[in-house]
Amino acid sequence: MGRLKTLWHRLGSPRWFYEISGPWAAGSLIVGLIGIAVGLVWGLAIAPPDYLQGNSFRIMYLHVPAAILSESCYILMGVAGAVLLIWRMKLADMVVAAAAPIGVVFCIVALLTGAIWGRPTWGTWWVWDARTTSMLVLLFLYFGVMALRQAVPREESAGRAAAILAVVGMVDIPIIKYSVDWWLTLHQTSTFKLTSAPSMPAEMYLPLLVSVLGFYTFFFGVLLFGVGNEVLMRERRTQWVTDLVRSRQS
Amino acid sequence: MSFTSWHEFLYMGGHYPFVWSAYAIGVFGVVVTLLRPLRARRRFFAEQGQRLRRQSSLESDGGAERIDAPRPS
């Protein structure tokens, strides 16, 4: 408990975070990119075709990780927003700032690949069903958080406004998650459950698992790197960043 | 291996426009996500390096007033 408390206090120190996160970011980026490459090639070339959908189901290896990640990223942003509002921890604000532009990209990828997958499978690019609509709401929430950060002139107020939207927007996450159970939608219910085996053969779900883990690791790396950028930007007038810049010059 | 030839792989059983456009978008998304912060970091060091150089040349110009002096931490 004592060590946990020390860690919590250290997280308040941007310099400490910058120094510790560098190698973790680099390692996660490399491992994540390898995982994504393995998962996607495995899913594209080695997994067997679906007996009903043929080869279009291979879009799943991209669509599912992107969708899961954009939701997880939003949860992380919401939690960071709450930490900022409650404890006023500067690092939490930097996490919100770094996470939003990553999450928005994956949200767009999930929506676009979903539309492309929907065309041969459902016969339509877009349906206003519960899941696609709640996912579109998530995209607008990301836009909102990013816009608030830009629009409010005072940095601290901008951070707080964005944090409030990030926290409130979290209600959309369970709606996306349970939309397939609550309403009749074209999306199927969860394939992976904690309580039972996946309703998909191993040759199909193993590459998906690798892809999802790869995307998560990659996200972790990009996020750490992005928070590192935020630390540098905000501490640019301090002695330690000046020394760092000088050491890069020579 | 699910395909017997390159042609069969690229054709994707007729679903090639969907599969490959989706993958192009996905790969583009990953690349953008990766490059954006890497470029921001490089830009940061370039800009701050320039600022420091400007500042030190101002100082050597015979005691011009220092702007943007770094605060002691």
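Tabulated data for the structure shown
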item	result
Peptide B:32-42 - average C-beta neighbours from other chains (10 Å radius)	6
Distant-in-sequence amide H partners of A:Asp50 (H built 1.01 Å from N, under 5 Å)	A:Phe57
B:Ser60 accessible area, assembled protein chains, probe 1.4 Å, Å²	90 Å²
Residues in the stretch A:40-70 that, when all protein chains are in place, have 20 Å² or more less accessible area than the chain alone would give (probe 1.4 Å)	A:Leu40, A:Leu44, A:Ala45, A:Ile46, A:Asn55, A:Ser56, A:Arg58, A:Ile59, A:Leu62
For B:Leu35, solvent-accessible area (1.4 Å; no DNA, RNA or ligand), Å²	80 Å²
Apportionment of accessible area to carbon and sulfur, chain A, percent (1.4 Å)	69 percent
Solvent-accessible area buried by pairing A with B, both sides, nearest 100 square angstrom, 1.4 angstrom probe	3800 Å²
Given charges at beta-carbon only (K, R positive; D, E negative), |dipole| of the protein assembly as shown in Debye	1080 debye
DSSP loop chymotrypsin sites (Phe, Trp or Tyr not before Pro) with at most 10 other Cβ within 10 Å excluded, longest remaining stretch of chain A	A:129-250
Accessible area of A:Asp243 in the full protein assembly, 1.4 Å probe (Å², nearest 10)	80 Å²
Radius 12 Å from Cβ of A:Ser56, net charge of other residues (Lys, Arg +1; Asp, Glu -1)	+1
Heavy-atom accessible area ranking, 1.4 Å probe, most first, across A:Ile176, A:Ile46	A:Ile46, A:Ile176
Which of A:Val152, A:Ile34, A:Asn55, positive extreme of dipole for chain A (C-beta unit charges)	A:Val152
Sites excluded, trypsin sites (Lys or Arg not before Pro) in DSSP loops with at most 10 other C-beta within 10 Å, longest stretch of chain A	A:1-153
Listed residues A:Met233, B:Met1, A:Met94 arranged by accessible area, highest first, probe 1.4 Å	B:Met1, A:Met233, A:Met94
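The values are calculated or read from the model by the stated rules, or taken from the named source; none is laboratory data. As the structure is a prediction and not an experimental result, all values here were calculated from the model. Virtual Cβ from ideal backbone geometry, glycine too; neighbours counted across all protein chains shown. What goes into the accessible areas is simple: the full protein's heavy atoms, side chains included, and nothing from ligands, DNA or RNA. Shrake-Rupley method; radii C 1.70, N 1.55, O 1.52, S 1.80 Å.
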